[in-house]
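Here's the structure we're looking at; comments come further down.
The values are calculated or read from the model by the stated rules, or taken from the named source; none is laboratory data. Computed from a predicted structure; not experimentally measured. Neighbour counts run over all protein chains shown; Cβ positions are idealised from the backbone, glycine included. To get the accessible areas, we keep the full protein, side chains included, count just its heavy atoms, and leave off ligands, DNA and RNA. Shrake-Rupley method; radii C 1.70, N 1.55, O 1.52, S 1.80 Å.
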Amino acid sequence: MLELKHIHKFYNPGTINEMCLFSDFSLSVQKGDFVSIIGSNGSGKTSLLNIICGSIPVDDGQVFMNGKDITNEKEYKRYRHIGRVFQNPALGTCPSMTILENMSIADNKAGSFNLRRGTDKKRIDYYRELLSQLDLGLENKLYTKVGSLSGGQRQAMALLMSTMTPVEFLILDEHTAALDPKTADLIMELTDKIVREKHLTTIMVTHNLRYAVEYGSRLLMMHQGGTVLDVSGKEKENVRIEDLLEQFNQISIECGN
């Protein structure tokens, strides 16, 4: 379970550009939830993910993970329980290293490398087996530099690597936005498969309304640091893309656009 309680977050405090993004914001995500988050630019979507992961601090409020207060816990410690995939495929992999080396690093997440060899040869067959599930032929390219792969191949690897160790939470930050439509669909299918098989509590920020409607058990729409729509279960199943577009248009009108 993930909880944000009474979060306050200011940007550029004490300056003429001071902005309050979150004011007494609270959110509770139950174990096993797959939450899709949509909203206009500047609504607080990515900042929310950064607060959960510890990438940015809060000015007030608390963050709880499975009942434990992690508000002041370092980012690297949170990643022992969190897998994260970014919009840019380059952020989830190391381009100058081979597929095998990338897999080895992900396999040792939260562990200690010390002075041992970076790659455990006994794990190579296991890596091949994992990669074969992607159906992209990467299991036959273990010694290929990741930088030479396509964006979709790298993003598929990033998704796989983020969940190689036993994480409980998966954070997806517009992880299909940089991909062509066909590849994006493949990555979403892979995402859904991994989430279901590993029973991960997942939060996905997306600008793709179709993905927000088709995937996940809960849908949030954010605006100006708050939630203007929060549906789950049967209510979410009945949401249409047209309904979301209508709400976006209403918000735009209210903002004077």
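When the residues of the range 52-83 are filtered to those that are in contact (Cβ under 8 Å) with a residue 60 or more places away in the chain and among the β-branched types (Val, Ile, Thr), which remaining residue is nearest to ILE171 (Cα to Cα)?
ILE82
Search the range 72-91 for residues being in contact with a strand residue (DSSP E or B) (Cβ under 8 Å, 6 or more places away or on another chain) and open to solvent by 30 Å² or more (accessible area, probe 1.4 Å), and hand back the single one that is nearest to VAL29 (Cα to Cα).
Going through the qualifying residues, I end up with HIS81.
Between PHE10, PHE25, which is under 30 Å from ILE241 (Cβ atoms) and hydrophobic (A, V, I, L, M, F, W, C)?
Residue meeting the stated conditions: PHE25.
I need the full set of residues from the range 29-43 which are of a type outside the set (A, V, I, L, M, F, W, C) and open to solvent by less than 40 Å² (accessible area, probe 1.4 Å), in order please.
ASP33, SER36, GLY39, SER43
Residue by residue, here is whether (1) hydroxyl-bearing (Ser, Thr, Tyr); (2) surrounded by 18 or more Cβ atoms within 10 Å (Cβ to Cβ); (3) touching a strand residue (DSSP E or B) at 6+ places or on another chain (Cβ under 6 Å) holds:
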{"site": "LYS45", "(1), (2), (3)": "no, yes, yes"}
{"site": "LEU49", "(1), (2), (3)": "no, yes, yes"}
{"site": "ILE52", "(1), (2), (3)": "no, yes, no"}
{"site": "GLN62", "(1), (2), (3)": "no, no, yes"}
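Identify all residues within the range 80-97 that are at pLDDT 90 or above and either touching a helix residue (DSSP H, G or I) at 6+ places or on another chain (Cβ under 7 Å) or on the phi > 0 side of the Ramachandran plot (or both); write none if there are none.
Residues satisfying the conditions are ILE82, GLY83, ARG84, VAL85, THR93, CYS94, PRO95, SER96, MET97.
Could you tell me whether THR163 is at pLDDT 90 or above, β-branched (Val, Ile, Thr) and under 14 Å from VAL85 (Cβ atoms)?
Spelling it out, THR163 is indeed at pLDDT 90 or above, β-branched (Val, Ile, Thr) and under 14 Å from VAL85 (Cβ atoms).
Quick one: would you say ILE99 is among the β-branched types (Val, Ile, Thr), under 14 Å from CYS53 (Cβ atoms) and surrounded by 20 or more Cβ atoms within 10 Å (Cβ to Cβ)?
Taking the combined requirement at face value, the residue does not satisfy it.
If a residue has to be among the hydroxyl-bearing types (Ser, Thr, Tyr) and in contact (Cβ under 8 Å) with a residue 40 or more places away in the chain to count, how many in the range 150-193 make the cut?
Number of matching residues: 3.
Counting just the residues of the range 144-162 that are surrounded by fewer than 20 Cβ atoms within 10 Å (Cβ to Cβ) and of a type in the set (Ser, Thr, Tyr), which one comes out nearest to LEU48 (Cα to Cα)?
The residue in question is SER150.
Checking ILE241 against (1) open to solvent by less than 30 Å² (accessible area, probe 1.4 Å); (2) more than 30 Å from GLU139 (Cα to Cα); (3) touching a helix residue (DSSP H, G or I) at 6+ places or on another chain (Cβ under 6 Å), only one condition comes out false. Which one?
Single failed check for ILE241: (1).
As an exercise: evaluate ASN12 against (1) within 23 Å of VAL195 (Cβ to Cβ); (2) open to solvent by 70 Å² or more (accessible area, probe 1.4 Å); (3) free of Cβ contacts under 8 Å to residues at least 12 places away in the same chain; (4) not hydroxyl-bearing (Ser, Thr, Tyr) and give the number of the one condition it does not meet.
So ASN12 meets the others, but not (1).
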